[in-house]
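Data first, discussion second: the structure below is written as structure tokens.
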Amino acid sequence: MRSYLVTGGAGFIGANFVKYISKKHKDIRLIVLDDLTYAGNLGTIEAELKNANISFVKGNIGDPQVVSSIFEQYPIDFVVNFAAESHVDRSIENPQLFLQTNILGTQNLLDIAKKYWTAGKNENGYPTYRSGVKYLQVSTDEVYGSLGETGYFTETTPLDPRSPYAASKAGADLIVAAYAETFKLPVNITRCSNNYGPYHFPEKLIPLIIKNILEGEKLPVYGDGANVRDWLYVEDHCKAIDLVLHHGRTGEVYNVGGHNERQNIAIVRLTISIIRKLMEEHPGYRKVLKKQQPDAAGNIAVDWINDDLITFVGDRLGHDKRYAIDPSKITKELGWTPETKFEDGILKTIRWYLENQDWVETVTSGDYQKYYEQMYGNR
Ligand code: NAD
Ligand code: TYD
């Protein structure tokens with residue numbers, strides 16, 4: 001039985017990965033390590049944690065004792081590192097936390113994996129490792145910087161991070177590459193475009209827009225809304241990670257992208273129109289609208305769900321214009337393609353939010369309101 005250490009497994013992509021991989025491979029052991037920051041929620045993987053082969057450890061990836069004790073207890077074969085501070089806006093407010101978690105945390109994981117996986121030394125003095133082990137770093141296309149109107153990021157595009165978040169992820173990638181070169185540690189790096197899907201924390205564009213619509217709040221669009229992101233359904237990302245982990249060539253970087261570029265304003269308009277249509281076609285959904293009172297006949301109006309909700313607010317500092325991934329390497333080498341069409345994925349995602357308001361309320365019950373006022377109050 002192979003043992004996987006999945007860090008950040010209570011966050012958005014990590015939790016989707018825990019769900020995906022535990023369904024796909026029955027005979028594996030998963031150890032989820034997560035510090036349960038504002039972005040982590042154990043309830044998201046509650047069902048999975050009932051499985052005797054899936055366990056949870058609360059702790060910081062940067063804590064040598066916590067990580068060592070996991071390697072002492074379990075014969076870890078794979079490390080998949082999702083744990084990170086992941087929100088660009090927060091990185092503008094508090095860059096240091098991003099460097100601590102994303103760079104030093106990654107380095108700590110690498111160090112301990114190296115220690116426990118080392119089997120000996122070769123004739124050139126390099127460590128040799130127990131067979132079949134691998135460290136996979138989950139990275140982002142944001143390390144490549146920002147594109148103009150044309151072109152795509154490939155794996156050979158020079159790193160040119162521009163936000164503190166992107167710089168911290170690029171720093172992490174470089175230390176992973178350094179361990180691969182200096183210590184011959186078996187690694188892969190995946191660099192993915194913007195994910196969307198269930199369990200996405202409502203500080204990121206799509207879930208924040210859905211939440212605000214349901215609450216009858218304005219929909220803040222940064223700048224002119226013309227910035228472009230390349231959206232990928234989260235399960236397609238999980239499939240890519242599974243493929244790279246088991247079949248990727250050791251030491252390689254793989255870009256993962258949806259071939260699905262959209263301007264932010266188009267995403268916001270589409271989300272509005274889908275929610276309105278769903279509410280019109282299935283009046284039962286209207287019960288999740290927070291501020292609407294039924295009229296005398298018991299009807300809840302939905303005609304206010306329209307583009308008038310959009311408000312253009314001050315732009316993000318250093319707002320990257322466009323991201324777009326060329327995923328041809330992972331397609332050619334590993335046969336991966338983005339399977340979920342955006343129109344299907346966004347509909348599934350919105351329905352999920354309409355049907356899982358309990359989850360949204362749970363994850364936003366802490367400091368969310370304070371965060372929202374601080375981030376959007378002066379825009
Ligand atoms: P997220 O913010 O939803 O989840 C991050 C998780 O990491 C949370 O559960 C949090 O509690 C945990 N965590 C934070 N600091 C920790 C620490 N020091 N020790 C242990 N756990 C800690 O993030 P996400 O969107 O799921 O992103 C996961 C990974 O994928 C990140 O590395 C991110 O950079 C990368 N990524 C995200 C996207 C995207 O669109 N969301 C795209 C490309 C790459
Ligand atoms: P986000 O979801 O934060 O992801 P990232 O910055 O990592 O790409 O933002 C996606 C895009 O949406 C980005 O161009 C910023 C923009 N945006 C808004 O216009 N309004 C918002 O309230 C948020 C959170 C993001």
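The values are calculated or read from the model by the stated rules, or taken from the named source; none is laboratory data. This is a predicted model, so every value here is computed, not measured. Every residue, glycine among them, receives a Cβ derived from its backbone with ideal geometry; neighbour counts consider all protein chains shown.
Looking for whichever is touching a residue at least 24 places away in the same chain (Cβ under 8 Å), within 19 Å of the chain's Cα centre (by Cα) and not in a helix (DSSP H, G or I) here; the options are ILE61, ILE13. Which one fits? Don't jump to the end; show me each part of the working.
Values: ILE13 fails: not in a helix (DSSP H, G or I).
Of ILE61, ILE13, the one residue that is touching a residue at least 24 places away in the same chain (Cβ under 8 Å), within 19 Å of the chain's Cα centre (by Cα) and not in a helix (DSSP H, G or I) is ILE61.
Go through (1) of a type outside the set (Gly, Ala, Ser); (2) in contact (Cβ under 8 Å) with a residue 60 or more places away in the chain; (3) farther than 26 Å from ASP89 by Cβ; (4) in a loop (DSSP other than H, G, I, E, B) for LYS291 and report which single condition fails.
Answer for LYS291: the failing condition is (3).
Is the range 273-280 home to any residue that is touching a helix residue (DSSP H, G or I) at 6+ places or on another chain (Cβ under 7 Å) and within 11 Å of ligand 2 (Cβ to nearest atom)? Give the derivation first.
Taking the range 273-280 and keeping what is touching a helix residue (DSSP H, G or I) at 6+ places or on another chain (Cβ under 7 Å), we get 274-275, 278-279.
With the extra rule that they be within 11 Å of ligand 2 (Cβ to nearest atom), the set shrinks to none.
So far as the range 273-280 goes, no, none of its residues is touching a helix residue (DSSP H, G or I) at 6+ places or on another chain (Cβ under 7 Å) and within 11 Å of ligand 2 (Cβ to nearest atom).
Does the range 215-224 contain any residue that is more than 11 Å from ligand 1 (Cβ to nearest atom), closer than 24 Å to VAL256 by Cα and either touching a helix residue (DSSP H, G or I) at 6+ places or on another chain (Cβ under 9 Å) or part of a loop (DSSP other than H, G, I, E, B) (or both)?
Here is the first cut: in the range 215-224, the residues more than 11 Å from ligand 1 (Cβ to nearest atom) are 215-224.
Within this subset, residues satisfying the condition of being closer than 24 Å to VAL256 by Cα are none.
No.
Being near ligand 1 (Cβ under 9 Å from one of its atoms) and not in a helix (DSSP H, G or I) is the filter here; which residues of the range 155-208 pass it?
Correct list: THR190, ARG191, CYS192, SER193, ASN194, ASN195, TYR196, TYR199, HIS200, PHE201, GLU203, LYS204.
Please go through the range 19-58 and pick out each residue that is surrounded by 14 or more Cβ atoms within 10 Å (Cβ to Cβ) and part of a strand (DSSP E or B).
Listed by number, the residues that qualify are ILE28, ARG29, LEU30, ILE31, VAL32, LEU33, ASP34, ILE54, SER55, PHE56, VAL57.
Look at THR128 and say whether it is more than 16 Å from ligand 2 (Cβ to nearest atom) and under 24 Å from ARG229 (Cβ atoms).
no
State yes or no: is LYS287 away from ligand 1 (no atom under 16 Å from the Cβ) and modelled with pLDDT under 95? Even if it seems obvious, please write down each step before you answer.
Numbers: away from ligand 1 (no atom under 16 Å from the Cβ): yes; modelled with pLDDT under 95: yes.
Yes.
Out of curiosity, is GLY251 farther than 17 Å from PRO220 by Cα, surrounded by fewer than 19 Cβ atoms within 10 Å (Cβ to Cβ) and among the small types (Gly, Ala, Ser)?
yes
Which members of the range 335-356 meet the condition of being among the aromatic types (Phe, Trp, Tyr) and either modelled with pLDDT under 95 or part of a loop (DSSP other than H, G, I, E, B) (or both)?
Residue satisfying the conditions is TRP336 alone.
Looking only at the range 302-353, how many residues end up being in contact with a Ser or Thr (Cβ under 9 Å, 6 or more places away or on another chain) and hydrophobic (A, V, I, L, M, F, W, C)?
Of the residues in that region, 7 qualify.
Just to be sure, is ILE330 assigned to a helix (DSSP H, G or I), within 16 Å of ligand 1 (Cβ to nearest atom) and more than 30 Å from GLU93 (Cβ to Cβ)?
Criteria met by ILE330.
Confirm whether LEU174 is touching a Lys or Arg at 6+ places or on another chain (Cβ under 7 Å), touching a residue at least 12 places away in the same chain (Cβ under 8 Å), more than 16 Å from ligand 2 (Cβ to nearest atom) and more than 25 Å from GLU343 (Cα to Cα).
Taking the combined requirement at face value, the residue does not satisfy it.
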